[in-house]
Each structure stands twice: as structure tokens, then as C-alpha cells.
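Asker: Have a look at this one.
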Amino acid sequence: WVKFTSLLPVVDSLSFHSLQAARMAEELRQEQDHSMHLEKIKKNHEVTIKDLQVKMEEAEQLALKGGKRTIMKLEARIKELDNELDSEQKRHVETVKVLQRNERRLKELVFQTEEDHKNNQHMQELVEKLQNKLKTYKRQIDEAVRTVIFRHTGSP
């Protein structure tokens, strides 16, 4: 029998890369979920800002009648929401960078896994060829032994 110990590192590497690829795919999914969540927050903030701008315009009308305090509160709220939006946008940019980095890493792992799979198949083919050669050599040896015995004894 041919020992398959030389294939163990390839199989271990393949298993390791498969696990890494699965982990990276999960991280990628989580980052995508997070990104979608941030997009929802952004849209909500944009709607809120638009609503506040409408309210501010209404407040300006009231300010003509003495509602300056309301305007100041709404302007402060708009500024606060603008700051939150800026902060969320910065976090979104960072999330996109992480997502892109994880996508690149996932592609690398998929490529490595495919290469390991090809190498594993090649090793299997080599093992099969060697086993076939071994069978041929064994058959040839058996035939040679029978020929020698036949020549020596005159019977098969």
C-alpha cells in the first residue's frame, strides 16, 4: 500500500483555508448587514433633517410673530443632526473600507482553496498512476518468477 502521509499537509491546508473562507464570508455578511443598517440610519437622518428644515421654515414665520426661541432650538437640532450624519458617514466610509478589505481577503482565500484542491487532485492522480505501475511491476515479477520456475523445473 502506498502511504498517503504526503497528502496530509495538503488536506490540512485545504481544511484550514475552507474554515478561513467560511469565517471571512460570515464577517463579510456581518459587514454588509452593518452597512445596510448605516444606510437606513443615514436615510432616517436625511428625512429628519428635511422635516426639521420644514419646521424651521414654519418657525421663521412664527419668529416674525415672536418665535425666535423655537428657531434657535430647531437650528441647534439641525446642527446636532448634521454632526450625527457626518459621524455616521465617516463610520460608513470606514465600514466600506473594511468590507472591501474583507472581500479581497475572501477572494484570496477562495483562490488558495481552489489551488489546494487542484494540487490535491494532482496528488491523487499521481498516487493512482503509482499504484497502477506497482500492479504492473508485480504482475511482471510474477510472470518472470513463473518463467524462471518453468525453465528450471519444466512445469509451471
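Asker: For the stretch 24-53, what are the residues that are of a type in the set (Asp, Glu), surrounded by 12 or more Cβ atoms within 10 Å (Cβ to Cβ) and within 30 Å of LYS79 (Cβ to Cβ)?
Answerer: Applying the first criterion (of a type in the set (Asp, Glu)) to the stretch 24-53 yields 26-27, 31, 33, 39, 46, 51.
In the following step, the residues that additionally are surrounded by 12 or more Cβ atoms within 10 Å (Cβ to Cβ) were identified as 27, 31, 39, 46.
GLU39, GLU46 - these are the residues of the stretch 24-53 that are of a type in the set (Asp, Glu), surrounded by 12 or more Cβ atoms within 10 Å (Cβ to Cβ) and within 30 Å of LYS79 (Cβ to Cβ).
Asker: Tell me yes or no: at least one residue of the stretch 55-77 is at pLDDT 95 or above and out of contact with any Phe, Trp or Tyr (no Cβ under 7 Å at 6 or more places or on another chain).
Answerer: Taking the stretch 55-77 and keeping what is at pLDDT 95 or above, we get none.
The answer is no, given that none of the residues of the stretch 55-77 is at pLDDT 95 or above and out of contact with any Phe, Trp or Tyr (no Cβ under 7 Å at 6 or more places or on another chain).
Asker: Right, next: Name the pairs whose Cβ atoms lie under 8 Å apart, with the first residue in the stretch 129-153 and touching a residue at least 40 places away in the same chain (Cβ under 8 Å), the second outside any helix (DSSP H, G or I) and surrounded by 10 or more Cβ atoms within 10 Å (Cβ to Cβ), and 6 or more positions between them or separate chains?
Answerer: LEU130/VAL2; GLN131/VAL2; LEU134/VAL2
Asker: Quick one: which residue in LYS97, LYS90 is in a helix (DSSP H, G or I) and under 23 Å from ALA25 (Cβ atoms)?
Answerer: On inspection, the qualifying residue turns out to be LYS97.
Asker: Of all residues in the stretch 76-102, which are surrounded by 15 or more Cβ atoms within 10 Å (Cβ to Cβ) and closer than 22 Å to SER18 by Cβ?
Answerer: Correct list: LEU99, ASN102.
Asker: So which of GLU114, GLU60, GLU103, GLU84 ends up being out of contact with any helix residue (DSSP H, G or I) (no Cβ under 9 Å at 6 or more places or on another chain) and either of a type in the set (Phe, Trp, Tyr) or at negative phi (or both)?
Answerer: Values: GLU60 fails: out of contact with any helix residue (DSSP H, G or I) (no Cβ under 9 Å at 6 or more places or on another chain); GLU103 fails: out of contact with any helix residue (DSSP H, G or I) (no Cβ under 9 Å at 6 or more places or on another chain); GLU84 fails: out of contact with any helix residue (DSSP H, G or I) (no Cβ under 9 Å at 6 or more places or on another chain).
Of GLU114, GLU60, GLU103, GLU84, the one residue that is out of contact with any helix residue (DSSP H, G or I) (no Cβ under 9 Å at 6 or more places or on another chain) and either of a type in the set (Phe, Trp, Tyr) or at negative phi (or both) is GLU114.
The values are calculated or read from the model by the stated rules, or taken from the named source; none is laboratory data. Since the model is a prediction, treat every value here as computed from it, not as a measurement. Reconstructed Cβ throughout: ideal geometry from the backbone, glycine too, with neighbour counts over all protein chains shown.
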